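The values are calculated or read from the model by the stated rules, or taken from the named source; none is laboratory data. Only a predicted model underlies this, so the values are computations on that prediction, with no experimental measurement involved. With ideal geometry, Cβ positions are generated from the backbone for all residues, glycine too; neighbour counts draw on all protein chains shown. Ligands, DNA and RNA are stripped out before the accessible areas are found, and what is left, the full protein with its side chains, is counted by its heavy atoms. Shrake-Rupley method; radii C 1.70, N 1.55, O 1.52, S 1.80 Å.
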Amino acid sequence: MDLDEAFRSVGEFGPCQKRLTGFLVLLQVYVACQSMLIVLVGAVPEYHIDSETVTTKEEFNKHIQFDKNFTSIVTEWYLIKDDAYKVNLASSLFFAGLLIGNMLFGSLSDKLGRKPVYLAGLFFDTVFGYMTALAPSYEVFAVSRLFVGIMNGGMSLVSFVLTQEYVGKSYWALTGSLTNLTFAVGIAVYALLGYYIRNWRTLAITANSPGFFFFLLSFLLPESPRWLYSQGNITKAEEVLQYLAEGNGKEGTSIKLCIAPGRTSVSGHSVFDLVKYQILLWRTVILMYIWYVCSLVYYGLTLNAGELKGNLYLNVALYGLVEVPAFPLCLFFIEKKWCGRGRATSGFLVFAGFACIFTMFLPDGFVINQTALALFGKLSVSAAFNVVYIYTSELYPTVVRNAGLGVCAMACRFGGILAPFVPAMKSLNPSMPFMAFGISGLSAGILSLLLPETLNKPIAESIEDLQSPAYQLLNKGKQDEGHT
């Protein structure tokens, strides 16, 4: 039997898979706390300056009086005025780390396996997280955020793929949506922690500590059966599937896998296959831009929560909780034949773009204010981000799935690197940040229509599978178009 038949026989989403995916989904709370750490740890409290006539920085710092509501790296290292850029720099270093982690971990997990790469990433993520909390200087803090980003980005990417590959293809939309939903809830959890823990070091330690327990429990996870199968390791793939069958109460099920006739060796694939095969090249280019825009708009609006008027913690929580309605919307649209993955991605990105652009035309005192439209934009781009994770997983064959996701996530991180600085464009024109978000969303939404639909299509295990009529690229209709 092939892999899809094997999943149907053992149960595509039985009790065992629910436990495994539930654990990895819950991990997203930890990932969210690490990703959003700078929003509260780098927040600027109210302050006043007794005197600005002093000449040295040391003397100037003595005249700064911060509000005592909370502490942050701003209050500890006086990151205001000429040093205010350092907060955004630390945030961008984290996203630069995510970029590096996505590049490294994606291809490594395709070669070495999902589980060992995931475990290594989670371990060092926790270690560098404690370095962040205990940093004696801003420089150490900034460098530690870079390394946290590397490990966090790589680990979370591999854990997402594991979540998908433990279950049957028909449940990928559900597990992918739950993963992103839990990340959104994690933002609200982090805001709640920040409300009760006002010391930034204690907050950083508290937010990082669950990583240690997730690491210990992760040793119980099995390797991905899809990865084992893609590597030709049929025996071990059968063992994992047998484990899933027993966990699902199907002890008598016999699993015998076979490699499909005509398939070439499944070993030796790498990230370079994404440019080697034209059927993957154009797909990757378009997906990279879509991921970049999703990240730019998503994190740009989220990080901007700290600059909104009103309660800091409530704003951060709202920017997380506003994503929650996005996920039932995703599950509804992406499973409909008249919509599917491609049109859902396009529609949500276009709506996000229009929401950001319309903020520029709101008259003063209008019933819908800028914050409400920004929240609607956040909801729409969150929905698009959720769909594009699922969509991308289905567009790449198993042998290069993590490499493909890694390259797309790498492009995504460029958006994250730029996102902290986009709100600074307000100095040129108050509408400039939302104009940048709006145009980006509209252009990505239009481009996404060029991608093939994957709804109700089989999952490709090898690159050879993409040559079958079930897999079409950009509607070219050239099945014999293999290499550039």
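Residues in the stretch 24-39 that are open to solvent by 10 Å² or more (accessible area, probe 1.4 Å) and either hydrophobic (A, V, I, L, M, F, W, C) or assigned to a loop (DSSP other than H, G, I, E, B) (or both): 25, 26, 29, 38, 39.
Filter the stretch 378-398 down to the residues that are open to solvent by less than 10 Å² (accessible area, probe 1.4 Å) and among the hydroxyl-bearing types (Ser, Thr, Tyr), then identify the one that is nearest to residue 274 (Cα to Cα). Here the residue is 396. Could you grab me the full set of residues in the stretch 203-237 that are of a type in the set (S, T, N, Q) and in a helix (DSSP H, G or I)? Residues satisfying the conditions are 206, 208, 218, 230, 235. Within the stretch 425-460, the residues that satisfy the criterion of being of a type in the set (Gly, Ala, Ser) and open to solvent by less than 10 Å² (accessible area, probe 1.4 Å) are 438, 441, 444, 445, 448, 460. Number of residues in the stretch 400-434 that are over 21 Å from residue 100 (Cα atoms) and assigned to a helix (DSSP H, G or I): the value is 9. The number of residues in the stretch 148-187 that are under 30 Å from residue 238 (Cβ atoms), assigned to a helix (DSSP H, G or I) and among the small types (Gly, Ala, Ser) comes to 7.
Residues in the stretch 203-242 that are open to solvent by less than 20 Å² (accessible area, probe 1.4 Å) and of a type in the set (A, V, I, L, M) were compared, and the one that is nearest to residue 168 (Cα to Cα) is 241. Of 180, 102, all but one fail to be within 17 Å of the chain's Cα centre (by Cα) and open to solvent by 10 Å² or more (accessible area, probe 1.4 Å); the exception is 180. For the stretch 298-307, state whether one or more residues are at pLDDT 80 or above, part of a helix (DSSP H, G or I) and touching a strand residue (DSSP E or B) at 6+ places or on another chain (Cβ under 7 Å). Checked against the condition, which is being at pLDDT 80 or above, part of a helix (DSSP H, G or I) and touching a strand residue (DSSP E or B) at 6+ places or on another chain (Cβ under 7 Å), the stretch 298-307 yields no hits at all.
Can you say whether residue 98 is touching a residue at least 40 places away in the same chain (Cβ under 8 Å) and touching a Cys at 6+ places or on another chain (Cβ under 9 Å), as far as the supplied structure shows? So residue 98 fits the description; yes.
Does residue 163 count as at pLDDT below 90, within 23 Å of residue 320 (Cβ to Cβ) and either in contact with a helix residue (DSSP H, G or I) (Cβ under 7 Å, 6 or more places away or on another chain) or acidic (Asp, Glu) (or both)? No: the conditions fail for residue 163.
Residues of the stretch 61-91 that are polar (S, T, N, Q) and over 24 Å from residue 149 (Cα atoms): 61, 65, 69. The condition (being in contact with a Phe, Trp or Tyr (Cβ under 8 Å, 6 or more places away or on another chain), at pLDDT below 90 and surrounded by 19 or more Cβ atoms within 10 Å (Cβ to Cβ)) is satisfied by just one residue among 128, 95: 95. Under the condition of being in contact (Cβ under 8 Å) with a residue 60 or more places away in the chain, within 20 Å of residue 206 (Cβ to Cβ) and not β-branched (Val, Ile, Thr), the residues counted in the stretch 114-137 number 7.
The single condition among (1) modelled with pLDDT under 85; (2) under 22 Å from the mean Cα position of the chain (by Cα) that residue 290 does not satisfy is (1).
Can you name the residue in the stretch 188-202 that is closer than 11 Å to residue 313 by Cβ and part of a helix (DSSP H, G or I) and is also most open to solvent (accessible area, probe 1.4 Å) among such residues? The selected residue is 196. Of 177, 156, which residue is in contact with a helix residue (DSSP H, G or I) (Cβ under 6 Å, 6 or more places away or on another chain) and modelled with pLDDT of 90 or more? The match here is 156. The residues of the stretch 7-23 that are more than 22 Å from the chain's Cα centre (by Cα), surrounded by fewer than 20 Cβ atoms within 10 Å (Cβ to Cβ) and in a helix (DSSP H, G or I), listed by number, are 8, 9, 15.
When residue 107 is tested against (1) over 23 Å from residue 206 (Cβ atoms); (2) open to solvent by less than 20 Å² (accessible area, probe 1.4 Å); (3) modelled with pLDDT under 90, only condition (2) is not met.
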